[in-house]
Structures are given as C-alpha cells and as structure tokens.
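What follows is a short report on a single structure.
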C-alpha cells in the first residue's frame, strides 16, 4: 500500500470512484440543460424542480399505484417530460424572440412555484424510497465497498449519455436538430416542422432531468428542495463545459465529479465551492467554456 | 313556580358574579417555522398541540379565557423578533411558545425580557437560552443541545462504544454539537478519533462516510440536522456501515426525521429525545387524539413539549388568578408539574425545565408492528443527570443568588 500526499491509495481510489458516481448525476442533468439551451436558447432554471418531480413521481407510483423502481425509470421521464411539453407549448414558446433573461426569469419563477406546491403538500423532511431489491448489497473491490446501486448509476448514466450523443450526432433526427439550431428558418423552408422539433427537444431534456431524479431517489433524500440544492452546481458544470455543448457537458460532468471527490479527501470544507472556483478560472481563460464555440 | 324562578335567578346571579370575579383572559402565541425545513418538527402541529392543551385543561370552567395566535418566523431572527414585538405591544399576547431555530429563539428571548412577558421554548435547541443568555422570563421546556450531547454521547460510551468519529456540519451549530458531544464522550472514558467537516446542505455523504468507515471508530456521530442528517443516514445504510458493526448516533433527530427515512434506512440509529408517543398509556392516549386531528401524524417531542408547557402555564395562571409575569414565573419555578407526557417536571432557577430524557434505538423493519412503531428504549436518563448542572451554565441569574 502506498500513499499519495499522505492519503492511502486505497482511500483515494475509493474517493475517485465516488466522484465518478456524483459526476454521473451532473452529467445527466447538464446534458439535459445543454440540449435545451443548444436548441431553444432557454436557460432552463426549472431543471432542478423537474429533477425533483422525477423523484416524486417514482415515490408516488410506488406509494399510490404499487409501481416499482424499474417501471418508474420509464414512467417518470414520460410523465414529467409531458409536463415539460405542456410548459413549452403554453409559456416558454412565447419568449423565443426575447432576450435570454426573460426565459431565465420565467423558468426560475416556475421552479419556485413548483417547489412551493410540493412543499405545501408533502412537507420538508422528505419521503422514504428504498433501493430496489435486485440492487441491494454491494461488492468488495478491495479498496472500497461499492454498493451495487451506485455501480448501476454509473452504468445507467453512461448508457443515457452515449445514447443521446449517438442520436444527436449520427441519426437523421439529430441532423435535423443540429441544423435547426444553426438556422431554423432555412430548415423550416425544407419542410421540417421546427416548432414540433423544439417542443419535443424540451420534453426530452426535461425527461432526462426526471430520469436523474428517479436514479437519485433511493440514495438522496426525496424532498421538495432536493433540486434547488443541486441545480446551481449543475449550471456551473454547463458553463464550464461550454453552454450548449453536448459532449462538453458530459465530459465536464464526470470530470468535475472527480475533482469534487478529491477535494472531499484533501480539504472537505472547500468541496461545496471548488466547482465555482474552477468556473471562475475557466471563464477567465476561455469565456466560451472548455468545449464551447465562440459565436 | 315563583320560588323556582327566584332560585334560578339567584343561582344565575351567583354564577355570573363568580365568573366576573375570576375571569382571567390570556393570549398565547405559537411562533415557529410553519413552512420550511423545521415545519414537520414543530410547525402547524404545535398549534394543534396547544389547542389540545387548552381543551384538556378545560380552561373555561376554571375561569380562564384563552386565545391562541400563530405565526411563521421563516427561520429569520429579524422576522421572529418583529412578530414578537408586535404581539406583545399591540396584540396583547402574554406568552410565546415553541420557537424552533436557535438564532430566532435567542432573538425572541431578548424581546420577551425587554417587554417583561414569558417565553416557553420547546423547538429551539441551544443551551445558551438557560446558560450565558438566560433571562428571568425564559422556560426551556423540552430539550437542549447539552442534553442531546450528554444523552447520546455519555450513554453510548458507557455501553462500551468507546471510540467516536464525527461528521460535522461546517457552521456554528454543528461545531457546538461536536464540541459538547466530544466532551461528554471523553468524560465517560471514551476517545474521539477524528472528525470531518462537511458543507451545509450536502446531497452526497458517501465520501465522508467512507472516511468515517476507514477510521474504524465504533460510533459515527452525526453533528448536523435536517436533510443533512437524513441523507447521511440513508447513505450509511447503503454502504453497509451499520450492518458491519459501526453504530450511527444522530445528535439531533426527531421522530418526523425517522419517519421520513423509513426504518430500512434508519434502523439501529441511536438518539436522545424527551418524548416518544409509545411510552405509556398517557402518551399513547394523547398521541392518538393528536393524530386524529393532524392527518394521522404522531406528535414529535417538540410538539409534545408545546402541549406540556401550555398546560403548565394555564395551571399556574388559574392557580394565581393572575397573569403577572413575575408572579407566574415565580410560581412555575416553585411548582412540580405532573406533565402527562414527560412525567414530573420542575423548573430550575435558570429557566431549565428538568425531566427525564430517553435514549432510543430505531427498530428493525421486522420489529415494527405499525407504521409509527419506530423506537425501542435503550435507557432512561434520570432528570437529575439529563441536563447541564446549574453551576456550569454560566447563567447570571444563578451567580447573583
């Protein structure tokens, strides 16, 4: 056993793995944000509330309908995604021609309303949601005890990120999406229904947030404020990765999870701020973010 | 017929005369966090408890006219103290109950002293309220940080859990709990192996838990509160920490927190509280009536404390037939109350209410017979040992005498 800066290597590997797990959540959430920003030019501040709704839909379907975790993984993104589609059609659509700031204010206000409603109904101390039976227990990796569920989170997140990247970069649908981002008028002229494309994209981005919510429900406290705490960090991740860059948001998501994990070993007091320090540094050196293009 | 009317008239005159003579009207203010992170610990449930106390005391028959007002202090000391000021100055409130959140409780305590009213704390935790910041107008009814640290720290160490490691929320409250508990542990012959400070409101505790696991300490003390505590406990279950023999000790945990976690995640957790609904016939009877009025939720210790302190106040005012603050405080400090929920309660010179505290362990899911069947009692901490000794608090009221 060797040590690195006075920390046993085993402990360090453990922390790196944990960082990767947290990075999975950052990656899925920032991916959704990046997709939405890339196509709609909307800074979706409701993302945290939608993540929370995902966790709540999982809890509700278990409590009221007896539907377990695996179906919730499918159901929650659909339900919350449909809610997102509704929001886009009724409200967000009206702001596309205005400055980013208006979209930010609208979605921020919506987030406060949604969180307030859930808080009134379910209180603040949270609701119990267990780990599915198939994934309880864990593996002894020698350097740490890895709960099976955490392993699953990494796998699931990688699959989702790769799938999204694959769809957007290699399929015809993805090509339409990218083209509509570049020049919506021209794409519309080719007979592509751009408004529908945009609505569905928003619904998809929101669905990703809900999926992250379901993944988080068994390990984090399911309470109305769970998204508000996380969303600020995720925004920093998106800014560092470059607004609207899909690959950038995924890589930065995992990368910052690792950095945060290391900070928790060497100087835990700073673990809440380290991401913002990095954000400041990145913005000073590369204002468009690590993977962003300057317009 | 005529005689009957005469008699009836005379009786009526008598009744109204005695009522007019003895009628004392008091106004109680319930001030706490009604909507945010402590709303499930006190919140609207405390108002329900206060109303039940007024009904159970049969205040009207004893010549008391009781009004209850309530407000949300939003966990902000400035909001709390301005509500208190308005209540005392304009709304004729005589006494304020509950007040969760230590910083708000300290602010209300100042206003109460200035206006010479009475403040009976249940939800607020800091032991400064009966220590350095004590006033002649405070009664601290339910628990305080010293009692929690002492209960959990001392009792566990004496049971042979000698080595401790702390997960500490990185702000004043966490540091105080950490410090007090470390002292209690060392005094009982234990040893503190280390601690890790985490930022307030951390969603992920796995990293800190792994460090705590690596320390091989027998007990992991959680010097934090609310969502930080529930997250840490939930994830400790996931990493198999309790199953592998390390015990978790929650230093500020209420029944509502355990309910939120579920027994699967919270099992084995050791904690100190002043009250649990399923202790004896009286607590069960009260709790079932409470639940019937409050969405089926059992009372927390903080809500039970509001019930007890309202009863004690009403009893004193009814006995004195006066609500003069100095007289009521003097009488309360010389009375032994028979609180149906916490047993015999006496109030010390510094305002500390003295009663037994209990060390509980959260049951395994298999041991639980109903949704609210959550705790088993590990130890009863006798009243005289449960709270900080009078001389150690540094309360100026005590030094003067």
Pairs please, first residue from the stretch A:80-96 and at pLDDT below 95, second anywhere and in a helix (DSSP H, G or I) and surrounded by fewer than 17 Cβ atoms within 10 Å (Cβ to Cβ), Cβ atoms under 6 Å, 6+ apart in sequence or on different chains.
A:95/A:102
Can you name every residue in the stretch B:20-40 that is closer than 25 Å to residue B:85 by Cβ and within 14 Å of chain A (Cβ to nearest Cβ)?
B:32, B:33, B:34, B:35, B:36, B:37, B:38, B:39
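Each row is one residue, and each column tells you yes or no for (1) in the same structural domain as residue B:44 (by TED's automatic domain parsing); (2) modelled with pLDDT under 95; (3) surrounded by fewer than 22 Cβ atoms within 10 Å (Cβ to Cβ).
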{"residue": "B:269", "(1), (2), (3)": "no, yes, no"}
{"residue": "B:285", "(1), (2), (3)": "yes, no, yes"}
{"residue": "B:288", "(1), (2), (3)": "yes, no, yes"}
{"residue": "B:295", "(1), (2), (3)": "yes, yes, yes"}
{"residue": "B:305", "(1), (2), (3)": "yes, no, no"}
{"residue": "B:310", "(1), (2), (3)": "yes, no, no"}
{"residue": "B:318", "(1), (2), (3)": "yes, yes, yes"}
{"residue": "B:329", "(1), (2), (3)": "yes, no, yes"}
Residue ID - farthest from the other protein chains (Cβ to nearest Cβ), chosen from residues in the stretch A:115-148 that are modelled with pLDDT of 80 or more, closer than 22 Å to residue B:213 by Cα and buried (at least 20 other Cβ atoms within 10 Å of the Cβ)
A:131
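Of the residues that make up the stretch A:9-27, is at least one within 28 Å of residue A:195 (Cα to Cα) and touching a residue at least 60 places away in the same chain (Cβ under 8 Å)? Spell out how you get there, then give the answer.
Within the stretch A:9-27, the subset within 28 Å of residue A:195 (Cα to Cα) is A:27.
Now drop any that are not touching a residue at least 60 places away in the same chain (Cβ under 8 Å), which leaves A:27.
Yes, the stretch A:9-27 contains a residue that is within 28 Å of residue A:195 (Cα to Cα) and touching a residue at least 60 places away in the same chain (Cβ under 8 Å).
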Considering each residue of the stretch B:159-199, count those that are at negative phi, within 13 Å of another protein chain (Cβ to nearest Cβ) and surrounded by fewer than 17 Cβ atoms within 10 Å (Cβ to Cβ), and give that number.
3
Residues within the stretch B:179-203 that are within 30 Å of residue A:231 (Cβ to Cβ) and modelled with pLDDT of 85 or more, tallied:
4
Unique match (being assigned to a helix (DSSP H, G or I), within 20 Å of residue A:214 (Cβ to Cβ), within 12 Å of chain B (Cβ to nearest Cβ) and within 15 Å of the chain's Cα centre (by Cα)) among A:153, A:160:
A:153
Does at least one position in the stretch B:217-236 carry a residue that is part of a loop (DSSP other than H, G, I, E, B) and within 8 Å of chain A (Cβ to nearest Cβ)?
no
If you check residue B:45 against the conditions, is it within 19 Å of the chain's Cα centre (by Cα), under 30 Å from residue B:291 (Cα atoms), within 14 Å of another protein chain (Cβ to nearest Cβ) and modelled with pLDDT of 90 or more?
yes
Looking only at the stretch B:237-263, and only at residues there that are in a helix (DSSP H, G or I) and over 24 Å from the mean Cα position of the chain (by Cα), the one that is nearest to residue B:357 (Cα to Cα)
B:237
Among the residues in the stretch A:87-110, are any more than 30 Å from residue A:169 (Cα to Cα), in a helix (DSSP H, G or I) and within 14 Å of another protein chain (Cβ to nearest Cβ)?
no
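Could you tell me whether the stretch A:3-10 includes any residue that is at pLDDT below 90 and within 30 Å of residue A:201 (Cβ to Cβ)?
Within the stretch A:3-10 (the criterion being at pLDDT below 90 and within 30 Å of residue A:201 (Cβ to Cβ)), the answer is no, since none of the residues qualifies.
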May I ask you to say which residue of B:113, B:51 is under 23 Å from residue B:256 (Cβ atoms), touching a strand residue (DSSP E or B) at 6+ places or on another chain (Cβ under 9 Å) and assigned to a helix (DSSP H, G or I)?
B:51
Can you tell me which residues in the stretch A:223-256 are within 14 Å of chain B (Cβ to nearest Cβ), more than 11 Å from the chain's Cα centre (by Cα) and buried (at least 24 other Cβ atoms within 10 Å of the Cβ)?
A:223, A:224, A:226, A:256
Would the stretch A:4-23 turn up any residue that is farther than 12 Å from residue A:213 by Cβ, more than 14 Å from every other protein chain (Cβ to nearest Cβ) and crowded, with 20+ Cβ neighbours inside 10 Å?
no
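Let's see how each residue does on (1) crowded, with 20+ Cβ neighbours inside 10 Å; (2) without any contact (Cβ under 8 Å) to a residue 12 or more places away in the chain; (3) more than 23 Å from residue A:134 (Cα to Cα):
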{"site": "A:31", "(1), (2), (3)": "yes, no, yes"}
{"site": "A:47", "(1), (2), (3)": "yes, no, yes"}
{"site": "A:50", "(1), (2), (3)": "yes, no, yes"}
{"site": "A:59", "(1), (2), (3)": "yes, no, no"}
{"site": "A:66", "(1), (2), (3)": "no, yes, no"}
Expected single match for within 8 Å of chain A (Cβ to nearest Cβ), in contact with a helix residue (DSSP H, G or I) (Cβ under 7 Å, 6 or more places away or on another chain) and crowded, with 24+ Cβ neighbours inside 10 Å among B:202, B:206, B:256 is B:206
Checking B:69, B:93, B:79 in turn, the sole residue that is surrounded by fewer than 20 Cβ atoms within 10 Å (Cβ to Cβ), in contact with a helix residue (DSSP H, G or I) (Cβ under 9 Å, 6 or more places away or on another chain) and not in a helix (DSSP H, G or I) turns out to be B:69
Answer from A:200, A:177, A:158 - the residue that is within 19 Å of residue A:36 (Cβ to Cβ) and modelled with pLDDT of 90 or more:
A:200
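Anything in the stretch A:175-191 that is without any contact (Cβ under 8 Å) to a residue 40 or more places away in the chain and buried (at least 16 other Cβ atoms within 10 Å of the Cβ)? List them, or say none.
A:176, A:179, A:184, A:187
The values are calculated or read from the model by the stated rules, or taken from the named source; none is laboratory data. Worth saying up front: this structure is predicted, and the values here are computed from it rather than measured. Every residue, glycine as well, gets a Cβ built from its backbone with ideal geometry; the counts of neighbours run over all protein chains shown.
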